[in-house]
Amino acid sequence: MTERLAMLAPLALPLLILLPLAWAALAFVLGTGRGSRLAIAAAAVQLMLAFALASAVMDGGPLHHAAGGWGAPLGIDLVADGLAAAMLLLTQAVALPLFIFARGYFHQDGARPDAAGHHFWPLAGFLVAGMNALYLSEDIFNLYVTLELVGLAAVGLVASGGGAAQTAAALRYLFAALLGSGAYLLGVALLYGAFGSVSMATLTPLIAGASASAGAGASEVALIAALLMMAGLLMKSALFPFHFWLPPAHGGAPAPVSALLSALVVKASIYLVLRLWLGPLAPLLTPLAWLPTLLGTAAILWGSWRAIHAERLKLLVAYSTVAQLGYLFLALPLVGVGSTGASASAILTLQALAHGLGKAAMFAAAGIIIHATGRDRVDDVAGIAERLPLTLFTFALAGVSLMGLPPSGGFLAKWLLIDLAMARGHWPLVAVILAGGLLAAIYIFRVLRLAFLNLPEAVIEAEHHKARVVPRSAEWMAFTLAAASVLLGLFGGLPLLQLVDGVGAGEGVTSGVTSGLVPGLTSGAVVGAP
Amino acid sequence: MSGALLYAIAGVLLFAAGAAGVVLLDHLLRRVLAFNIMGSGACLVLVGLAQRNGIPDPVPQAMVLTGIVVAVAATGLALALIRRLHAQTGHADGKTEEERVKGETGAGCSLPASHSVAGRGDD
Amino acid sequence: MKRLVTLSAAAIFAALLIDVLLDLPAAALDLRALLAEAMPASGVAHPVTAVLLNTRGYDTLLEIAVLLVALLGVVISSARTNLSSDPGRTPASHVAIDADPMVSALARLVTPLAVIFAIYVLWAGAHRPGGAFQAAAILAAALVLLHFARIVPACTAPSCRLRVAAVAGFAIFLVIAAIPLAGGALLQYPPAAAGLLILAIESGLTVSLALVLAGLFLLLADDAGGRQ
Amino acid sequence: MSAALAFDLLLVALLLLAALRAMTTPRLGQALLAFVVFGLLMALAWVRLDAPDIALAEAAVGAGLSGVLLFDAWRALRGEPPDEASTAEHTR
């Protein structure tokens, strides 16, 4: 079985792109609301492919695939290194449970899906295809096309919500995305003009050479190009102060869409920031590393503040995304290896995965709660503990990961980040990370405290009348995502660090963290089986 | 200065003007125009800069063709959404939307409650 | 204030960039030479078509996906889909107003010419400027004209047959992209068959792209069309 | 100054003018018209850049299809929003 999978691995690169494209097109032909089974089956195959790819990359290093057989710089190369493989794994691992959740969520009132789900499946297929293509591409113009594919599919999904608020949010998102990708495209144009290639592998030495010989015209053009591309991508990543489009779009969309967007889509452009910043653009941008860190700090504080004061449940979760994305920008000045042996990019990947799984679970849980109560104000979760114990537990579990409590994946990522910051003597960063965790605790406990309120019998009775059926499958899928986010800290962390950094990395993590957490594992497992 | 470089410079100006337009213009249709002007500018830079020695370069030309298709797709989607917003709210003015959205704590949540229920249009 | 800041930022940006562009040295790499070497194996004689459908054909594959996504977005926006009727097959209720006879006559005259011209542009793409996208744009323009002549109705949601036709070109492209995976790389055509395969892809794309491009317009047109 | 350069300069100036008019003219109809002119001028610019493929696509799409789309959208926005009663009926 494993040998079969290993043989499949080189093919996984193109298949992870072609497969979702194919089922998205098929779902489009099938028509409104159809294609859910197809999507779920395909997502399962994709998850298997992503696993095969990740294990092959872990064993044998990066895999290459030259589309068209030409090879860069004339053709377009697909490359799966550890970082790409980890993000592919995240995408498929979140997509599969979310698709099962979406099927339950959209189809609950009989066979006919509600209007918001009419075009969910083809759009989700194109979205996943675009993200997979983005993670695999090493051609900066091809990346522009993937960015547009992801962006337009995401806008379409937001608009599928149906109401005027969703349309307005989709438009705002669309213009932000177009402004961002326009700036990125101009950056690509300048780099092609200055160096004659759009392949990252070809550009890396050329840019390094140009910036080494100071005063050359090419390095100035390259610097402007780098700044344009970064500004565009930060706009798409919703980094403070470009976050204005995110809360209405993520907070207003149907729950499965919000979960997809918050867990996966924003990560795609952040991945690209990281890839370019640490890759071809490193010689130009390294002196500026503190800028995104400052913005990330502002994002953590501002996003948490807004989440604490949000009136609507999904808006609270959306602002929490603004805050959590901030962490992903904290580590840019910390490039290098800390005492535990994990690199900054490996830690960021871990944080991206923990947040992706946790946030998908939290949006799914919020969607279930809102659907069951028929109302979406934070105050309306009062008494929900009695009616939806599993979903509330899901919400809490996802919250554990977002707050960074042990033994979750969020804890491991933040712990490693603190370790790295301390190793470099960056004490203010430690303070920011700790403060972010505290603020997250405030907005999550705000929901949990309300949920356990005892409502008067009469109110409960009345609520039960209004209650709508939420499929158990949807509840369990949300729980699966939350559990995965917590278990990531126990079982997934080390392999993931090894995947991104290469075998041998993260040795210190084993001794330093995991051993101390084994008691936590057993108690967590007991709690985890309600 | 070669002719191609002149077009690249025009492209920079068009891009800057278009980007400023996307940020500043109120009417959503105008923003679509501004976005298209910005995209055209980027395309002119791509081809003009690559051909600054006067020899045609098919690679960026093909990229621009791709870019034009993507721009058409985005324009079509934007116009569809604008028309829908107009049908739903009776306005297509980005500014009123902005004010409306910024007025309350939750951007986008101050609109009528009918769609606030988890964003499900059929409720 | 915002106005002033944005405008001056744009002006400063443009001035800085133009200043450095004026003395930009020649690029280190020239893909023109590489492409010229690859041309004999590309299956076509026109370099832009070779890039578009062979060396960077993967870009084009994703670009078609972007167009389909936009079409889906337009379908969502135009959907005033009546949930109680058969979903997906909702022909527009057109107010029957006769079109301007001039427009009708023009449409009847132009459409056959447009089809012939589109086929020429498609076929010419292998050797000289032209190709699937340009041909599709011409056909789409003809479709829009036919709509103004009230010969082609607008619709709120594409029927199954239309959806198949709109996706067919993409599906052909996808299959031709995937087949070489059996022994090589994505989109790696055997040089002997490359010309034929590219023509097959382009023919499929012409029909589908024409429908998608026209769909961007026709799916929305009924809002206004009913009120004329 | 050669005739070719003079033509290029004129074309660039007209391009910028059309772009500015499209964004700043107070009347939307004229702005859309300026945008279509901009598309045609762009097609001309592509011819000058030895890119006839792009010129063809730009003329067909930039000036033609986008123009029709924009004018149609403009017409829809000018009129009163479509029959609200029928829209409401549909969503029930």
(message) Assuming a strict under-30 Å limit between Cα atoms, what lysine pair count do you get for the protein assembly as shown once near-sequence pairs (fewer than 8 apart, same chain) are dropped?
(response) 23
(request) Round to the nearest 10 and give me the degree value, 0 to 90, for the angle of helix C:57-78's Cα axis relative to the longest principal axis of chain C. (result) 20 degrees
(message) Just checking the output field for C:45-52: average partner chain Cβ neighbours within 10 Å of each residue's Cβ?
(response) 6
(message) Quick check on packing: order A:255-262, B:16-23 by the mean number of other C-beta atoms within 10 Å, highest mean leading.
(response) A:255-262, B:16-23
(message) Suppose each label sits 7 Å from its Cα in the direction of the beta carbon; what would the C:ALA200-A:VAL335 distance come out to in nanometres?
(response) 4.6 nm
(request) Assuming R0 = 60 Å, can you tell me the calculated FRET efficiency for the pair A:PHE491 and B:ASP26, based on Cβ-Cβ distance, to the nearest 0.05? (result) 0.70
(request) Name the residue, out of C:GLY57, C:GLY130, C:GLY184, whose mean-square fluctuation peaks in a Gaussian network model built on chain C with Cα pairs under 10 Å. (result) C:GLY184
(request) In nm, give the distance between the simple-model label positions of A:GLU386 and D:SER2, each being 7 Å from the Cα along the Cα-to-Cβ direction. (result) 8.7 nm
(request) Note the angle between two axes, namely the Cα long axis of helix A:427-451 and the longest principal axis of the Cα atoms of chain A, as a number of degrees from 0 to 90, rounded to the nearest 10. (result) 20 degrees
(message) Suppose the chain between C:VAL5 and C:LEU109 were pulled fully straight at 0.36 nm per residue; how much longer would it get relative to their current alpha carbon spacing?
(response) 32.1 nm
(request) Within the set of other residues whose C-beta is less than 14 Å from the C-beta of D:ASP8, count the net charge using Lys and Arg as +1 and Asp and Glu as -1. (result) +1
(request) Counting helices only, and only those DSSP H runs with n ≥ 4, report the 222 nm mean residue ellipticity of chain A as the sum of -39,500 (n - 2.57) divided by its residues, in deg cm²/dmol to the nearest 500. (result) -24500 deg cm²/dmol
(message) For the pair A:VAL430/C:ALA33, report the inter-label distance in nm, with labels modelled 7 Å from Cα in the Cβ direction.
(response) 5.5 nm
(request) Quote the FRET efficiency, to the nearest 0.05, computed for A:TRP290 versus C:LEU22 with a Förster distance R0 of 35 Å and r equal to the Cβ-Cβ distance. (result) 0.65
(request) Calculate how steeply helix C:191-225 sits against the longest principal axis of the alpha-carbon atoms of chain C, using the helix alpha-carbon long axis, and give the answer as 0 to 90 degrees to the nearest 10. (result) 40 degrees
(request) Assuming a ≥ b ≥ c are the square roots of the Cα gyration tensor eigenvalues, decide whether the stretch A:134-198 counts as rounded (a/c under 1.5), prolate (otherwise, with a/b larger than b/c) or oblate. (result) oblate
(message) How would chain A be classified by its alpha-carbon gyration tensor: rounded, prolate or oblate, with rounded meaning a/c under 1.5 and the a/b versus b/c comparison settling the rest?
(response) prolate
(message) Can you sort A:GLU220, A:GLU148, C:GLU37 by solvent-accessible area, 1.4 Å probe, largest first?
(response) C:GLU37, A:GLU220, A:GLU148
(request) Take every Cα pair under 8 Å in chain A that's 6+ residues apart, average their separations, divide by the length, and report that relative contact order as a whole percent. (result) 15 percent
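The values are calculated or read from the model by the stated rules, or taken from the named source; none is laboratory data. Keep in mind that this is a model prediction, so the values were computed, not measured. Positions of Cβ are backbone-derived with ideal geometry, glycine not excepted, and every protein chain shown enters the neighbour counts. Please note that ligands, DNA and RNA were not included when accessible areas were found on the heavy atoms of the full protein model with its side chains. Shrake-Rupley method; radii C 1.70, N 1.55, O 1.52, S 1.80 Å.
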